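*Asks:* Mind looking over this structure? Questions follow.
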Amino acid sequence: MESRRILFALSTLLVAALACTIGQAAPTTEDLPATITAQALTLQAPSQTPGPPTQTPPPALTNTPTVPQVTVSSASNCRTGPYIYYDLLWTMQPGMTAEVIGKHTPSNTWIVKYPNGQCWLYGAYATVSGNLASLPDFPQPPTPTASKPAAPENFKASTSCTPGQLLFTNLHVELSWTDLATNEEGYRVYRNDQLVFTLSANSTGVEDDTTIGGFFLIVTPGGPTATPNPGVKYSIRAFNGNGNSEWRELYAKCP
């Protein structure tokens, strides 16, 4: 009796196993290559390892100064006000740099710091950099009392000579002087009391070519007399709208 129960249980398990096998379709030969290929591609695919994060480069640094500064391409006067009749305080040269503290728009003038304080710089040759938005527009200072310019000093002549025609000699003259005026409009240079040059403000020299004789012939009651030529007379004075400075003069002759 016991052996029959065991046999019945084994038969039931066998029937159940066969039913499971029949419910599942076995893979066909057509399915095998696709399955193998998919598995192979899965094995060969590279692993996707995340790379380092992309870094954005910092913005380029600029050398633009925050404090306004000025340079000049040619020598520029710096005065007590925006126009030529204000006193000259300083002359800014190319290669120098000065701090800008203000402006005067009507005259194209910049107010700058210089070694002894502040002055008004002529802007024709100026280049200004930095933050200009906050620069104040200065009012024009009171007009100074009108005055004539100061006379030049150290008026000198350097000469050289070459033979000329007949009794005359070719004379080359290099004139120089010290500019002491601060409100001049220019200089006038005369040769033998005749105007030969009108020069701009701040001029300190000029060259001239002329001729010179060896002797003067002077007629006297006792007859003509030859006297050595003292040279060519040169005179100079500064001028402005208020008048002229005192004269400075010399005689130039062959060395």
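The values are calculated or read from the model by the stated rules, or taken from the named source; none is laboratory data. In this text the structure is predicted, and so the values were computed from the model without any measurement. Cβ placement follows ideal geometry from the backbone for every residue including glycine, while neighbour counts extend to all protein chains displayed. Note: accessible area is taken over every heavy atom of the protein model, side chains too, but ligands, DNA and RNA are not part of it. Shrake-Rupley method; radii C 1.70, N 1.55, O 1.52, S 1.80 Å.
*Asks:* Can you pull out the residues in region 81-106 that are part of a strand (DSSP E or B) and of a type in the set (Ser, Thr, Tyr)? Give the steps one after another, and end with the answer.
*Replies:* First pass over region 81-106, keeping only residues part of a strand (DSSP E or B): 88-92, 98-104.
Within region 81-106, just THR91 meets the criteria.
*Asks:* Would you mind stating whether TYR251 is buried (at least 16 other Cβ atoms within 10 Å of the Cβ) and either modelled with pLDDT of 95 or more or not in a loop (DSSP other than H, G, I, E, B) (or both)?
*Replies:* Numbers: buried (at least 16 other Cβ atoms within 10 Å of the Cβ): no; either modelled with pLDDT of 95 or more or not in a loop (DSSP other than H, G, I, E, B) (or both): yes.
Against the criterion (buried (at least 16 other Cβ atoms within 10 Å of the Cβ) and either modelled with pLDDT of 95 or more or not in a loop (DSSP other than H, G, I, E, B) (or both)), TYR251 does not qualify.
*Asks:* Restricting attention to region 225-236, does a residue exist that is in a strand (DSSP E or B), among the basic types (Lys, Arg), at pLDDT 85 or above and within 26 Å of ILE84 (Cβ to Cβ)? Steps first, please.
*Replies:* Going residue by residue through region 225-236, those that are in a strand (DSSP E or B) are 225-228, 232-236.
With among the basic types (Lys, Arg) added as a condition, the list becomes 233.
Checking which are at pLDDT 85 or above leaves us with 233.
Checking which are within 26 Å of ILE84 (Cβ to Cβ) leaves us with none.
So far as region 225-236 goes, no, none of its residues is in a strand (DSSP E or B), among the basic types (Lys, Arg), at pLDDT 85 or above and within 26 Å of ILE84 (Cβ to Cβ).
*Asks:* May I pose another question? Go through ALA146, ALA124, ALA157, ALA133 for me and flag whichever is aliphatic (A, V, I, L, M) and without any contact (Cβ under 8 Å) to a residue 12 or more places away in the chain. Quick ask: steps written out before the conclusion?
*Replies:* Numbers: ALA146 fails: without any contact (Cβ under 8 Å) to a residue 12 or more places away in the chain; ALA124 fails: without any contact (Cβ under 8 Å) to a residue 12 or more places away in the chain; ALA157 fails: without any contact (Cβ under 8 Å) to a residue 12 or more places away in the chain.
It is ALA133.
*Asks:* For region 71-80, give me each residue that is outside any strand (DSSP E or B) and either open to solvent by 60 Å² or more (accessible area, probe 1.4 Å) or touching a Leu at 6+ places or on another chain (Cβ under 8 Å) (or both).
*Replies:* Residues of region 71-80 that are outside any strand (DSSP E or B), as a first pass: 73-75, 80.
Hits for region 71-80 are SER73, THR80.
*Asks:* Right, THR66: part of a loop (DSSP other than H, G, I, E, B), of a type in the set (S, T, N, Q) and over 21 Å from the mean Cα position of the chain (by Cα) or not? Quick ask: steps written out before the conclusion?
*Replies:* Numbers: part of a loop (DSSP other than H, G, I, E, B): yes; of a type in the set (S, T, N, Q): yes; over 21 Å from the mean Cα position of the chain (by Cα): no.
No: the conditions fail for THR66.
*Asks:* Can SER147 be described as within 30 Å of GLU246 (Cβ to Cβ) and modelled with pLDDT under 95? Write out each step before concluding.
*Replies:* Details: within 30 Å of GLU246 (Cβ to Cβ): yes; modelled with pLDDT under 95: yes.
Yes.
*Asks:* Separate question: Tally time: how many residues in region 132-157 are surrounded by 12 or more Cβ atoms within 10 Å (Cβ to Cβ) and not small (Gly, Ala, Ser)?
*Replies:* Our first condition is that a residue be surrounded by 12 or more Cβ atoms within 10 Å (Cβ to Cβ); within region 132-157, this holds for 135, 138, 140-141, 144, 147-152, 155-157.
Pick out the ones that are also not small (Gly, Ala, Ser) and you get 135, 138, 140-141, 144, 148-149, 152, 155-156.
Total satisfying the criteria: 10.
*Asks:* Can you name the residue in region 81-111 that is exposed (fewer than 14 other Cβ atoms within 10 Å of the Cβ), of a type in the set (S, T, N, Q) and within 18 Å of the chain's Cα centre (by Cα) and is also farthest from GLY186 (Cα to Cα) among such residues?
*Replies:* The residue in question is THR97.
*Asks:* Look through region 161-179, keep the residues that are open to solvent by 30 Å² or more (accessible area, probe 1.4 Å) and at pLDDT 95 or above, and return whichever of them is farthest from GLY81 (Cα to Cα).
*Replies:* HIS172
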